[in-house]
Amino acid sequence: MQNALHIAWLIPLFPLLGFLINGLGRKHLTKSLIGIIGSGVVLASFVMSIWVFMQVRGGNTHVAEYFNFIKVASLKIPFAFQVDQLSSLFLLIITGVGFLIHVYSTSYMHEEKTEHFGRYFSYLNLFVFSMLLLVMGANYVIMFIGWEGVGLCSYLLIGYWFKNTKYNKAANKAFIMNRIGDLAFLIAIFWIIAKVGNVNFGDVFSFAEQNKFTSADITIITILLFVGATGKSAQIPLYTWLPDAMAGPTPVSALIHAATMVTAGIYMIARSNILYSMSHVTMSIVAIIGLATALLAATIALKQNDIKKVLAYSTVSQLGFMFLALGTGAYVAAVFHVMTHAFFKALLFLGSGSVIHAMGGEQDIRNMGGLGKKLKITSATFWIGCIAIAGIPPFSGFFSKDAILLSAYEKSPVLYGIALFTALLTAFYMFRLLFITFTGKFRGTHEQEHHLHESPAAMTIPLIILAALSFVGGFVGIPEAIMHGGDKLGEFLLPVIKPHEGTPVSHSTEYALMGLSTVLVVVMIIAAWFKFKNYQRTEATGLGKVLENKWYVDELYDRAIVNPLSRFGGFLNGVIEKYVIDGVVNGVGKAVNYGSRQLRLLQSGQVGSYVLLMVLSMLVVFVLQFFLRK
Amino acid sequence: MPINYYIFLSIALFCIGIVGVLTRRNAIIIFMCIELMLNAVNLLLVAFSKMHHATALAADTATTAGTDGQLFVFFIMVVAAAEVSVGLAIIVMMYRNIHSVDVNFLNRLKH
């Protein structure tokens, strides 16, 4: 049993094999075989992850170096995996939720052609591989490989239906936005190499603990890393790609754009918590950006009419919450929320996939309504997901959100106030979505109504499992005030994440805060019920219209950045390229052509003229020699 | 006889050869002019050789110094004879093909 950690490299290897088999054999394998291979490899990783997790719980951690990835002069970057408390927890989330989503996909994507079905599963496996690389890497460079890999897979899967230009544009947008963040991450890595001479987590952190960094260095490094995180985890100002990423198939949205990839930024900061704790400036920036994103995305989500867009903005908002937790030093709360969010957001996305499936591709909630009667399992699990994300005890979202709110309260009541307000908005828009979709009268066409049916078992079973997890997932982090020693997660992560210092609030205050948030959330839900139980389509006006158009942020970005760049590109293409570059190239060609045309005339074929030229040349040589002689 | 006379004669012969090559169109005359230039050089070699050998003999009666110029002349004569045989053969072939020995008809080199 001891050697489970020594074969931990098998965990990412399985999905890589799946990627190769499905990718290369997509034209030869049958759909069921592709599905079995695609899900099977992730299941194998999941089983391995459980085994590894058990070992880590027993107190074993392991850093294994396999070979030198880069070795130049004194710089040595090993290809190394690190299995410890934090990464083993993420391994469980990624492979566990990932497996359920693979199973779900076998049914959801069943109408695709076999070749594309294989392509889909190979991308999905490649994604899981990259994500595992990201969390298992024992230094920033290996992490960066995974970081880039998930970005690539995200791009490939958003543009999965590549015949649709709009989807391709969404894929490009996601990729480019991510690249902006990645650049900052890369610069941070270079900075670390310049200062530490090494990128291994252990070395960098011990370097930091010995106070060898100057405060300016540490602030710059942490801010650059954070910029990287804003790209991957969709925070202001780089969040606009995530809602557009909903162009991909719904299980992809669940896996990549809700449960795993977007939490990479959280993982990275939680991993680097030692660095972050040393820079108060960065911590404040992280907290403020997180909170602002949470609030902005929550307000936008209030007025969206596309079922997946609501969930996408909800994801952005929840990620904002996680960054708020990181910024206030509550790393454990952030990781906790990553976990519970993975459960309930994957559940909600898969639920929405089930709805879209039943509606025959319809995503506009204005055309839905009353689906609860037809889609019993989907509706029940969606209820659980909504209750969990709204934060009603004892569902998982309550515990993780409460931990974040508490840490915000410890930092400043203003942060707490805004965070609580955002949490209430969350409850409101999620239940708006729920009521509009599942209650009231059906507003779609007759054809759609006739077509309505519950999804097959391969889709409903993952929903049920995720619903169960959304319910019980919070019990690993029961706050100290309710049950002594209930915060199992905090204890488990203690070796990796130092408990944050702050003035702990008294238990009675904590109870009061919990009670307040719970009561207000229930009030919001009731308000949503009265407002949306019999939803009628209305045109948004005033502020509602601004929210429906996402605060016009996309338009602002287009005006401020995209259009000028595009015009500049057009100028380079139309003027510089055409007249300067082509001019030089064609000019050289034309000059040679003209010159040789003229020189050709010398070649008359007259022997006499050749001899004359020869004699004249020799005369010239003689004369020159005569004059140049020393 | 002073060496100058030989030099002037040689230059005169050489220039006549060059002018002949440049101005005449008859291949045989051009050929003769080339021979003229070769012989101008031969004359010069012999003249200088004789001059050097004479000064060397004054110092040592058994010396052969300075005779190598005359040896060169024999080489040139042999090579020239070979060249003449090839050249005349070319001219004969030319006459057979175009019934003329005018070099200006032979401007196909540019094609």
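The values are calculated or read from the model by the stated rules, or taken from the named source; none is laboratory data. Computed from a predicted model, the values in this text were never measured in an experiment. Backbone-built Cβ (ideal geometry, glycine too); neighbour counts: all protein chains shown.
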Exclusive hit being surrounded by 21 or more Cβ atoms within 10 Å (Cβ to Cβ) and in contact with a Ser or Thr (Cβ under 8 Å, 6 or more places away or on another chain), set A:Tyr140, A:Tyr123, A:Tyr108: A:Tyr108
Enumeration of residues in region B:92-107 that are within 13 Å of chain A (Cβ to nearest Cβ) and either in contact with a helix residue (DSSP H, G or I) (Cβ under 6 Å, 6 or more places away or on another chain) or of a type in the set (Asp, Glu) (or both): B:Val101, B:Asp102, B:Val103, B:Phe105
Spans of helices (runs of 4 or more DSSP H) in region A:234-303 with at least 3 residues surrounded by fewer than 23 Cβ atoms within 10 Å (Cβ to Cβ): A:273-277, A:280-301
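This table checks each residue for (1) farther than 30 Å from A:Asn367 by Cα; (2) surrounded by 10 or more Cβ atoms within 10 Å (Cβ to Cβ); (3) in contact with a helix residue (DSSP H, G or I) (Cβ under 8 Å, 6 or more places away or on another chain).
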{"residue": "A:Leu543", "(1), (2), (3)": "no, yes, no"}
{"residue": "A:Asn563", "(1), (2), (3)": "yes, yes, no"}
{"residue": "A:Phe568", "(1), (2), (3)": "yes, yes, no"}
{"residue": "A:Val588", "(1), (2), (3)": "yes, yes, no"}
{"residue": "A:Gln598", "(1), (2), (3)": "yes, no, no"}
{"residue": "A:Leu613", "(1), (2), (3)": "yes, yes, no"}
{"residue": "A:Leu624", "(1), (2), (3)": "yes, yes, no"}
Selection from region A:199-225 of residues that are of a type outside the set (Ser, Thr, Tyr), within 26 Å of A:Thr61 (Cβ to Cβ) and crowded, with 18+ Cβ neighbours inside 10 Å: A:Val199, A:Asn200, A:Phe201, A:Val204, A:Phe207, A:Ala208, A:Phe213, A:Ile218, A:Ile221, A:Leu225
Where a residue in region A:542-554 is on the phi < 0 side of the Ramachandran plot and its partner, wherever it lies, is at pLDDT below 80, with Cβ under 8 Å and at least six apart: A:Leu547/A:Ala540; A:Glu548/A:Ala540
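If I filter region A:482-541 down to residues being of a type in the set (Asp, Glu) and farther than 30 Å from A:Arg366 by Cβ, which single residue comes out as surrounded by the fewest Cβ atoms within 10 Å (Cβ to Cβ)? Break it down into steps so the answer makes sense when it comes.
Our first condition is that a residue be of a type in the set (Asp, Glu); within region A:482-541, this holds for A:487, A:491, A:501, A:510, A:539.
Next, only the ones that are farther than 30 Å from A:Arg366 by Cβ stay: A:487, A:491, A:501, A:510.
Numbers: A:Asp487: 23, A:Glu491: 15, A:Glu501: 9, A:Glu510: 19.
So the residue we want is A:Glu501.
Matching residues to (1) assigned to a strand (DSSP E or B); (2) modelled with pLDDT of 90 or more; (3) under 13 Å from the mean Cα position of the chain (by Cα); (4) not aliphatic (A, V, I, L, M):
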residue: A:Glu112; (1), (2), (3), (4): no, no, no, yes
residue: A:Ser154; (1), (2), (3), (4): no, yes, yes, yes
residue: A:Trp161; (1), (2), (3), (4): no, yes, no, yes
residue: A:Asn178; (1), (2), (3), (4): no, yes, yes, yes
residue: A:Ile189; (1), (2), (3), (4): no, yes, no, no
Qualifying residue in region A:176-193 (condition: over 30 Å from A:Trp241 (Cα atoms) and exposed (fewer than 14 other Cβ atoms within 10 Å of the Cβ)): no
Residue in region A:241-254 that is in contact (Cβ under 8 Å) with a residue 12 or more places away in the chain, aromatic (Phe, Trp, Tyr), touching a Lys or Arg at 6+ places or on another chain (Cβ under 7 Å) and closer than 27 Å to A:Gly320 by Cβ present: yes
Region A:465-475 - residue that is surrounded by fewer than 16 Cβ atoms within 10 Å (Cβ to Cβ) and in contact (Cβ under 8 Å) with a residue 12 or more places away in the chain and, of those, farthest from A:Leu100 (Cα to Cα): A:Phe475
Conditions (1) in contact with an Asp or Glu (Cβ under 7 Å, 6 or more places away or on another chain); (2) surrounded by 20 or more Cβ atoms within 10 Å (Cβ to Cβ); number of the one not met by A:Ala334: (1)
Breaking point among (1) in contact (Cβ under 8 Å) with a residue 60 or more places away in the chain; (2) surrounded by 18 or more Cβ atoms within 10 Å (Cβ to Cβ); (3) not charged (D, E, K, R), for A:Phe442: (2)
B:Phe31 of a type in the set (Phe, Trp, Tyr), within 14 Å of another protein chain (Cβ to nearest Cβ) and part of a helix (DSSP H, G or I): yes
